[in-house]
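Notes for the one structure printed next.
What follows draws every value from the coordinates through simple rules; no lab data is involved. Everything quoted here is computed from the prediction, not taken from an experiment. As a convention, Cβ positions derive from the backbone with ideal geometry for all residues, glycine included, and neighbour counts pool all protein chains shown.
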Amino acid sequence: MYMKRLVALLSPVAILFFSIASSFAQQQIAPTVGVGEYPEFGSSFGVSRDIMVVGAPTGRDDFAGYVSLFQRKLDGWGFVSRIDPVDTRQFGNLVAISRRWLIVASWSSNVPYNALDVFERDDLTWRFVQRLGLPVSARNINALVASDVGIAIQTLDFDPEGGVAASHVFGYVFGGSVWGGAQELLVPFPFPRLGYAMAMDGDRLVASDMSAVSSFVVIQGQWVHASTIFSPLPASSKFGTALALCGRHLAVSSTNYQDQSGMSDQVQLFSGTPLQWRNDGVAFYSGDFGRRFGRSIICDGDNLAVLSEVQHKVFLLSMDGSSGPQSFEVVDEESQGAFNGVALGGGDILVADSRRPPTHFSNSTGMVYSFNGVIDGIHKDGFE
């Protein structure tokens, strides 16, 4: 059944989409080891082409954690290997993966009390190559993104009451043989929450501050600020709660607080380059799909996936306008519905979630759900 949706506009270009309820095989990807009753499996995960990494930061009896690697094969996703920490705890607290690199964050007993370990891919094995240096001030790593060219982290400073006082974004660039040192990314504006959301594609990075989205590029081995998009929404709104960056496409998710109609979530599209982005309008808004919409978004090529937590659904559309959104519903009676993220890879849409019964929300077991064979254009079945 097709339902016509006229999308709200923030540009002169009209966008008309059709929402299609779709049915594809849903694969459930569970922890493969029995150690640790509540390993938080899926609290962090990432996908690059046909390889998926899933973190379980409280797995094992000593809460040391571990990460699992899966490969997309003809019959779905299958377990490949597991990486355990050597000298840290909560290994897999954050993960990021590219075609060549796997980056894993964990807690260390040494200042600055965080560790960033880099592994290099060799076919289906991953070889440890480097532990990245961190500034002494980087004691609370909150976000991590990576590509074959660069890595970026957001760190948080807390006030005496435990609230967030400020944040910092540090970037790394691969120098051909080793990764360079940490470089703090600066913008010519007072943005105290820079890095609230981040996305990276090759040598380009975007980072939000809930009031603007700043773009950076790598020039001569350094991250350089290129431009900033300021929020077109009311001052009370949060612009850039999630970001997705693919080629000439940039998607920005926001929460719009309106005096008359309350709160609404929306995903806005931009096109261009880090030097100049063009506003292409709003692709989705929560009037159609419920609140807590777009808290996690991801793109690959021209395809954009948007998570709707309330509806337990993922919406997929083509950002070039060639096809309207399809919806895919996570069906699992034990699902918490508090999704940890969405990813695209191997021709599939993947969603990570917690599962009942948890001892408490943040320390539950987990599951990754894959809608297999959804996208022909994204390395279908994991092969080119």
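Summary of values
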| read-out | value |
| --- | --- |
| Exposure proxy ranking, count of Cβ atoms within 10 Å, fewest first, for Thr228, Thr58 | Thr228, Thr58 |
| Vicinal HN-Hα couplings computed from phi for the stretch 190-206 (Karplus, 6.51 cos²θ - 1.76 cosθ + 1.60; Hz; Gly/Pro x) | x, 10, x, 10, 4, x, 3, 9, 9, 8, 9, 9, x, 9, 10, 9, 10 |
| Shape of the stretch 103-209, Cα gyration tensor, a/c cut at 1.5 | oblate |
| Potential lengthening between Ser236 and Asp62 on full extension [0.36 nm per residue; Cα-Cα distance subtracted] | 58.3 nm |
| Order of Leu102, Leu205 under a 10 Å beta carbon neighbour criterion, fewest first | Leu102, Leu205 |
| Hz values of 3J(HN,Hα) by residue in the stretch 143-154 - Karplus curve (6.51, -1.76, 1.60), Gly and Pro given as x | 8, 8, 9, 7, 9, 5, 9, x, 9, 9, 10, 10 |
| Built amide H within the under 5 Å cut-off of Gly347, gap 5+ | Ile378, Asp381, Gly382 |
| Percent breakdown of C-alpha pair distances by 5 Å bin, ordered from the shortest bin, for the stretch 51-174 | 2, 11, 20, 22, 20, 13, 7, 3, 2, 0, 0 |
| Karplus-derived 3J(HN,Hα), 6.51/-1.76/1.60, for each residue of the stretch 298-307, Hz, glycine and proline x | 8, 9, 8, x, 8, 8, 10, 10, 10, 8 |
